[in-house]
Amino acid sequence: MPHSCAALDCTKRCTVQTRSLGITFHRFPKEAVMKKRWVKAVRRKGFSPSTASRLCSEHFNEEDFDRTGQTVRLRDGVVPSVFSFSTPPKKRRAAKTTKTSSIKQESKAAESSPPAHKPEPQPAPDLDHSYALPPSLGDLKAKLIEALERVENLEREMRNAKDRERRAKNALQVLLEDLKEKNLVNEELKQKLEL
């Protein structure tokens, strides 16, 4: 299962698409002081990171990375600092209504003509589901490449399983022939094995 970013309101997931865009995912530090600083920066109420918790590279500045080796690493002592925290929506208080005011509102609604029906906008496809198509051709191509890689891996695993099965059958055949030569197999067992 791909890793998801633990930052509030961040929907980035570790997929072929995000990797092709250069987005990397980084574990929370093991050291308690640094881990506490990261958790404080994330600003998620009651959040306690697990060993699987990750933050994507979108929450770090470019100078926070060490790109000298094959893998992209964070420099020592770096704390995530790039977030766009949305303000939580304020709760609306329901207007107090009495029985007579609610009847009056109902009668006004019945007298007025119904408003023109506006079509509701279609929601964007949820990319978390495997059957949803990505919005752009580049994303669709990346998803296709990922699927083809998965098929290739499964075909390789199937070939390996068939090879293991063939080797096991050959070993069993050799063992049975050896038992027959040494007359360690009785007639009843010999008949069952021939079937």
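The values are calculated or read from the model by the stated rules, or taken from the named source; none is laboratory data. The model shown is predicted, which means the values in this text are computed figures rather than measured ones. Cβ: placed from backbone, ideal geometry, glycine included. Neighbour counts: every protein chain shown.
Within the range 22-38, can you find the residues that are in a loop (DSSP other than H, G, I, E, B) and either modelled with pLDDT under 85 or surrounded by 16 or more Cβ atoms within 10 Å (Cβ to Cβ) (or both)?
If the condition is that a residue be in a loop (DSSP other than H, G, I, E, B) and either modelled with pLDDT under 85 or surrounded by 16 or more Cβ atoms within 10 Å (Cβ to Cβ) (or both), then ILE23, THR24, PHE28, PRO29 are the ones that fit.
Pull up the range 48-67, narrow it to residues that are modelled with pLDDT of 85 or more and in a loop (DSSP other than H, G, I, E, B), then point me to the one that is surrounded by the fewest Cβ atoms within 10 Å (Cβ to Cβ).
THR51
I need the full set of residues from the range 135-161 which are in contact (Cβ under 8 Å) with a residue 60 or more places away in the chain and of a type in the set (Lys, Arg), in order please.
LYS143
For the range 1-43: of the residues being among the small types (Gly, Ala, Ser) and within 12 Å of CYS56 (Cβ to Cβ), which is nearest to the chain's Cα centre (by Cα)?
Here the answer is SER4.
Considering each residue of the range 20-34, count those that are without any contact (Cβ under 8 Å) to a residue 40 or more places away in the chain and more than 26 Å from GLY77 (Cβ to Cβ), and give that number.
Total satisfying the criteria: 1.
Among THR51, THR71, which is the only one that is free of Cβ contacts under 8 Å to residues at least 12 places away in the same chain, under 27 Å from VAL16 (Cβ atoms) and of a type outside the set (Lys, Arg)?
The conditions single out THR71.
So, in the range 61-84, how many residues would count as being within 10 Å of HIS26 (Cα to Cα) and more than 21 Å from the chain's Cα centre (by Cα)? Before you say what the answer is, go through the steps one by one.
Looking only at the range 61-84, we keep the residues that are within 10 Å of HIS26 (Cα to Cα), and these are 72-74.
Subsequent filtering for residues that are more than 21 Å from the chain's Cα centre (by Cα) retains 73-74.
The number of residues fulfilling the criteria is 2.
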